[in-house]
Amino acid sequence: MTSGDFQERPDRDEVLAQLAVQGRLLHLAMMGLSTAAASRFGLQVIDQQCAGLLNQTGPMSVGRLAEMAGLTPSSVTGVVDRLERGGLLRREPDPRDRRKVILVPLRSAEIEEAFRPLAQQFQAMYARYDDRELALLNDCLRQMTDHLRAHITTLRTQ
């Protein structure tokens, strides 16, 4: 075996350090995207994030939106009011509990068009991975989200 035949694999600690950096860079890029989109559509950043969350996950209660967005129920009330005024959601009575409402996302052709190129780029990227790899990536992202949400709760209760 010659030195050209051996590809040195990165050290695990190095890979973990790179993952930490890439995770932080991804977070910052997502924050930048939220800021740019909010500015473009005349929204506050948190409003844009909640509207996007509703569009991705579908109708939900105010409490569930607060939980998924990492907000307190009292702070999400203003977000819901602004999104309703902006035509990005409507409130419907919860069929199981008349005291509650369900937030139903309303589509915006302008917003969908603005995000279509990014969605197409993601689809092209996903095509490079097989089903097993996609399942692994999905599991990793789901677990990261769960850990982040748990940590939000920890930070709020300390």
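Only the coordinates and a few stated rules stand behind these numbers; no lab work does. A quick note: this is a predicted structure, and the numbers were derived from the prediction, not measured. Because the Cβ atoms are built from the backbone with ideal geometry, glycine has one as well, and the counts that use them run over all protein chains shown.
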Open item on the list: Could you check the range 95-109 and list, in sequence order, the residues that are in contact (Cβ under 8 Å) with a residue 12 or more places away in the chain and closer than 16 Å to GLN56 by Cα?
Closed with: ILE102, LEU103, VAL104, PRO105, LEU106, ARG107, SER108
- [ ] Check the range 63-81 and report whether any residue there is of a type in the set (Gly, Ala, Ser), in a loop (DSSP other than H, G, I, E, B) and touching a helix residue (DSSP H, G or I) at 6+ places or on another chain (Cβ under 6 Å).
- [x] yes
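Results for (1) within 30 Å of ARG85 (Cβ to Cβ); (2) surrounded by 10 or more Cβ atoms within 10 Å (Cβ to Cβ); (3) of a type in the set (D, E, K, R); (4) under 15 Å from the mean Cα position of the chain (by Cα), shown as yes or no for each residue.
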{"site": "PRO105", "(1), (2), (3), (4)": "yes, yes, no, no"}
{"site": "ALA109", "(1), (2), (3), (4)": "yes, no, no, no"}
{"site": "LEU118", "(1), (2), (3), (4)": "yes, yes, no, yes"}
{"site": "GLN123", "(1), (2), (3), (4)": "no, no, no, no"}
{"site": "ASP131", "(1), (2), (3), (4)": "no, no, yes, no"}
{"site": "ALA135", "(1), (2), (3), (4)": "no, yes, no, no"}
TODO: Would you be able to say whether some residue in the range 110-133 is in a helix (DSSP H, G or I), free of Cβ contacts under 8 Å to residues at least 12 places away in the same chain and among the hydroxyl-bearing types (Ser, Thr, Tyr)?
DONE: yes
- [ ] Specify the residue that is surrounded by the most Cβ atoms within 10 Å (Cβ to Cβ); the eligible residues are those in the range 43-82 that are in contact (Cβ under 8 Å) with a residue 40 or more places away in the chain and over 14 Å from the mean Cα position of the chain (by Cα).
- [x] LEU43
